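*Asks:* After the C-alpha cells below, expect a handful of questions from me.
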Amino acid sequence: MASIYQYFADKEEIILELVKRDTEEMDAHVAETVAALETLSIRSVVTTTMQAFLDVYARRKEFVAIYFRGRTNPAVIEFCREHNVRIAEALFAVMTEAGLLSEEADLARGLLAVEIGDRVLEWAFREGYTADQRVVDDGIEILVGYLERFANQIGRTASG
C-alpha cells in the first residue's frame, strides 16, 4: 500500500494542495455566480461573492477548518495572500468593465475590501462549521458602505 507521502513531501504540502483545490472551486463558483447577475451594482457583486464563498464552505466543511484555522503554514499563508490579490483583481475588473466605479477607485482599495471580507468570514466561522449569518450580513453592509464610496451612480443603483 502506497503512502500519501510518496506524492507529497509532508503534511504541510498536503494541506496546501487541499487549499489550492478548494480555492479553485471557489473562484469558479464566484465567477459563475457574478456572471449570472442580471443587475450589476456594488451591492449585488459583494452579496453574490460572499454567498458564493459560503456555498463552497457549506459543501466543504473541512475547508473551513483548513482555511480559517490552519493558517500556520507559511506556504498556505502566502497562497491565501496571493489568492486574495487574484480575487481583488477579478472583482475590480468586473466592476470596472461594468462601469460601476468612480475615478477614485483603485485596486488597492479593492484588495482592502477583499481582506476585510476574508476577516468577516473568518469571524463568522469562529465557533464552528456554520457561518454566523448576522456577522455575514453585517460584514456585507460594511463592505458595501466602504466600496460605494468609490462607486458612481450606476454602481450605487439597486443598493440600500
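The values are calculated or read from the model by the stated rules, or taken from the named source; none is laboratory data. Because the structure is predicted, anything quoted here is derived from the model rather than measured. Reconstructed Cβ throughout: ideal geometry from the backbone, glycine too, with neighbour counts over all protein chains shown.
*Asks:* Quick check: anything in the stretch 90-110 surrounded by 16 or more Cβ atoms within 10 Å (Cβ to Cβ), modelled with pLDDT under 95, of a type in the set (Phe, Trp, Tyr) and out of contact with any strand residue (DSSP E or B) (no Cβ under 6 Å at 6 or more places or on another chain)?
*Replies:* There is no residue in the stretch 90-110 that is surrounded by 16 or more Cβ atoms within 10 Å (Cβ to Cβ), modelled with pLDDT under 95, of a type in the set (Phe, Trp, Tyr) and out of contact with any strand residue (DSSP E or B) (no Cβ under 6 Å at 6 or more places or on another chain).
*Asks:* So which pairs qualify, if the first residue must be in the stretch 70-81 and touching a residue at least 40 places away in the same chain (Cβ under 8 Å) and surrounded by 15 or more Cβ atoms within 10 Å (Cβ to Cβ), the second must be charged (D, E, K, R) and part of a helix (DSSP H, G or I), the Cβ gap must be under 8 Å, and the two must be at least 6 apart or on different chains?
*Replies:* Note: pairs meeting the criteria are Asn73/Glu12; Val76/Glu12; Phe79/Lys20; Cys80/Asp118.
*Asks:* Please tell me if Glu82 is of a type in the set (D, E, K, R), at pLDDT 95 or above, part of a helix (DSSP H, G or I) and in contact with a helix residue (DSSP H, G or I) (Cβ under 8 Å, 6 or more places away or on another chain).
*Replies:* Judged against the criteria, Glu82 is not a match.
*Asks:* In addition: State which residue pairs qualify: first residue within 25 Å of Phe92 (Cβ to Cβ) and without any contact (Cβ under 8 Å) to a residue 12 or more places away in the chain and inside the stretch 123-149, second residue among the charged types (D, E, K, R) and part of a helix (DSSP H, G or I) in any location, beta carbons under 9 Å apart, and separation of 6 or more residues or different chains.
*Replies:* none
*Asks:* Whether any residue in the stretch 122-135 is within 24 Å of Asp55 (Cβ to Cβ) and under 12 Å from the mean Cα position of the chain (by Cα) is what I want to check.
*Replies:* Checking the stretch 122-135: at least one residue is within 24 Å of Asp55 (Cβ to Cβ) and under 12 Å from the mean Cα position of the chain (by Cα).
*Asks:* Then there is this: In the stretch 106-160, how many residues are of a type outside the set (Val, Ile, Thr) and over 21 Å from Tyr57 (Cβ atoms)?
*Replies:* 21
*Asks:* Enumerate the pairs (first residue in the stretch 53-68 and free of Cβ contacts under 8 Å to residues at least 40 places away in the same chain; second residue anywhere and of a type in the set (D, E, K, R) and surrounded by 18 or more Cβ atoms within 10 Å (Cβ to Cβ)) with beta-carbon separation below 7 Å, excluding pairs fewer than 6 apart on the same chain, so at least 6 apart or on different chains.
*Replies:* Val56/Asp22; Arg60/Asp22
*Asks:* Go through the stretch 10-64 and count every residue that is under 17 Å from Leu147 (Cβ atoms) and not in a helix (DSSP H, G or I).
*Replies:* Total meeting the criteria: 4.
*Asks:* Among (1) surrounded by fewer than 17 Cβ atoms within 10 Å (Cβ to Cβ); (2) out of contact with any Leu (no Cβ under 7 Å at 6 or more places or on another chain), which single condition is Val144 missing?
*Replies:* Unmet condition: (1).
*Asks:* Right, next: Out of the residues in the stretch 66-78 that are over 13 Å from the mean Cα position of the chain (by Cα) and in a helix (DSSP H, G or I), which is nearest to Ala124 (Cα to Cα)?
*Replies:* Looking at the filtered set, the residue picked out is Arg69.
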